[in-house]
1. Any residue that is among the β-branched types (Val, Ile, Thr) and out of contact with any Ser or Thr (no Cβ under 8 Å at 6 or more places or on another chain) - is there at least one of those in the stretch 50-63?
2. Hey, among the residues in the stretch 26-82 that are among the β-branched types (Val, Ile, Thr) and part of a helix (DSSP H, G or I), which one's farthest from SER5 (Cα to Cα)?
3. Collect the residues in the stretch 38-74 that are among the hydroxyl-bearing types (Ser, Thr, Tyr) and either under 12 Å from the mean Cα position of the chain (by Cα) or modelled with pLDDT of 90 or more (or both), keeping them in residue-number order.
4. (1) surrounded by fewer than 10 Cβ atoms within 10 Å (Cβ to Cβ); (2) in contact (Cβ under 8 Å) with a residue 12 or more places away in the chain: which one isn't true of ASN81, the others all being true?
Amino acid sequence: MTNTSATALRKNLFSMLSNTIKYNETINVNTKDGNAVIISEEEYNGLLATLELCSENALKEKILLGKKEAVADCVSMDEVNW
């Protein structure tokens, strides 16, 4: 995560946004009124998808059960009949 001031962000806006997009580098912008965070659209969409999945209780329970499953008991992708 990159920490910067609003002034420094203005001076380096293009390069900082480029790094955020290319490398998912989060920017924390400090101001006298508080902080703001800049993330890439890809990262933002991923966060929204994660929130949506976690808000479905049945799916959340399956994920939590899956975390407890031994790797040896899991089915490999080669064994899945699509």
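1. Yes: one or more hits.
2. Here the answer is VAL71.
3. If the condition is that a residue be among the hydroxyl-bearing types (Ser, Thr, Tyr) and either under 12 Å from the mean Cα position of the chain (by Cα) or modelled with pLDDT of 90 or more (or both), then SER40, TYR44, THR50 are the ones that fit.
4. For ASN81, the exception is condition (2).
The values are calculated or read from the model by the stated rules, or taken from the named source; none is laboratory data. A quick note: this is a predicted structure, and the numbers were derived from the prediction, not measured. Please note: Cβ atoms are built from the backbone with ideal geometry, for glycine as well, and neighbour counts cover all protein chains shown.
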